[in-house]
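Some notes on the structure that comes next.
The values are calculated or read from the model by the stated rules, or taken from the named source; none is laboratory data. Every value quoted in this text rests on a predicted model; they were computed, and no experiment measured them. Ideal geometry is used to build each Cβ from the backbone, glycine not excepted, and the neighbour counts take in all protein chains shown.
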Amino acid sequence: MSQPDLTPVKPYPGFETATAAAPTMRKGPVIEPAGPEDWVRTVPLEFPLTVDGEIVAALTLRRPTGADLAGLLEEDPDEDTLPKRLRARICGVHPAVLAALWIDDAERVAEASSPFLPSGHPDREPAEDEPA
């Protein structure tokens with residue numbers, strides 16, 4: 001009985017180079033705010049809170065994105081609670097934390113977050129150069 005030829009098949013010339021140069025797949029684009037200073041604002045609290053054992057002496061607010069709104073609607077589509085949940089989302093806290101703020105701190109946070117809210121939000125104050 002003869003043995004079949006067990007010589008391995010060699011790749012065609014240039015195969016190694018072609019596969020080594022194959023582009024890698026990215027998971028998505030890298031997106032960042034063009035003007036980061038316009039996307040955040042920090043509000044110091046005159047009367048800090050302790051939340052889950054951590055002292056919260058300031059809230060850092062950030063502009064919400066379409067993904068924030070979609071996430072809030074996916075979590076709970078109740079449009080009556082959406083404004084409160086959106087404000088908490090841009091402050092990076094649970095809505096109960098905003099409810100626990102001293103009233104003057106709460107007013108400063110609401111005032112600072114107003115320009116960050118979408119134009120249709122009931123608590124948004126129009127900018128000085130924006131028509132009412």
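Numerical summary
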| read-out | value |
| --- | --- |
| Complete set of residues in the range 15-36 that are in a loop (DSSP other than H, G, I, E, B) and either at pLDDT below 65 or farther than 30 Å from Phe116 by Cα (or both) | Ala21, Ala22, Pro23, Thr24, Met25, Arg26 |
| Among residues of the range 52-80, those that are among the charged types (D, E, K, R) and touching a residue at least 24 places away in the same chain (Cβ under 8 Å), counted | 2 |
| The range 63-92, residues that are part of a loop (DSSP other than H, G, I, E, B), surrounded by 10 or more Cβ atoms within 10 Å (Cβ to Cβ) and not charged (D, E, K, R) | Pro64, Thr65, Thr81, Gly92 |
